[in-house]
Amino acid sequence: MAPISLEERVTSLENILANFITTTGTAIERLEKEMKEFKDEMKEFKNEMKEFKDQTNKVISELNKKFGDMTRKLGTIVEDLVFPCVPKELEQKFGIQLSFFGTRIKRFIKTSQQTYTKEFDAIGLSEDSKIVYLCYVKTTLRDKDVELFDKELEYFQKFFPEYSGKKLVCIMASMNYSDELLFTFEKYGFIYMAPSGYALEIKNTENFKLKFWDL
């Protein structure tokens, strides 16, 4: 076999290189095309995910609004059940007659910077106008709600300065009852009202000692 000349070797190498460049170029073009398609798909996916997220947030927002509306309506229903029973129960249980009983009372305090608003569930005033009855209403009461009374008392003193010097009695009313709650509320001197049949009644025991707070 005749030896391959240098020129033939160079030509062969050039052909191999040219073929490699052509093949590689085609592969790179195919890769670039696939990468572009992948990027387009990812962009479309991200857009779809954003749309899905926006729709989900909208649904959650609407559900939260509806839940809030339902909670407020339920609270209003509970208050409507409680309020008529308070004056009647106070008179039957303790012989207390009220000269005034108001519900959902809103008060405002204006300062140079802003206006503060507070709504109180129900407020009663004894016949001799010396004792104020502050009624706190919740759908479900818990032991920890006794801790809220100190804050409610502080608010009451700020929003009703005209009652300064009088005594205050706390009434806790809800749609749930338990012996543990009764024990806790009596320990703090609260009147406790809970369901009995189709109405609410005072659940305090015979040995209960009513507590009076100074205003």
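Readers should treat all values here as calculations from the given coordinates under stated rules, not as data from a laboratory. Keep in mind that what you see is a predicted model, and the values were worked out from it rather than measured. Cβ coordinates were reconstructed from backbone atoms using ideal geometry, including for glycine residues, and neighbour counts include every protein chain displayed.
Values as computed for the structure displayed
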{"quantity": "Convex hull volume per residue for the range 84-214, taking Cα atoms only, in Å³", "calculated": "114 Å³"}
{"quantity": "Projected-area mean, the range 128-189, by convex hull of Cα positions, square nanometres", "calculated": "4.7 nm²"}
{"quantity": "Calculated FRET value between K144 and K39, using beta carbons and R₀ = 45 Å, to 0.05", "calculated": "0.25"}
{"quantity": "Inter-centroid distance (Cα atoms) of the range 164-214 relative to the range 34-54, Å", "calculated": "61 Å"}
{"quantity": "Considering only the range 84-214, percent of DSSP beta bridges that pair antiparallel, nearest 5", "calculated": "65 percent"}
{"quantity": "Likely footprinting exposure, T139, T111, fewest C-beta neighbours within 10 Å first", "calculated": "T111, T139"}
{"quantity": "K88-E206 FRET efficiency (beta carbon distance; Förster radius 22 Å; 0.05 resolution)", "calculated": "0.70"}
{"quantity": "Residue order, fewest to most beta carbons within 10 Å, for M175, M35, M193", "calculated": "M35, M175, M193"}
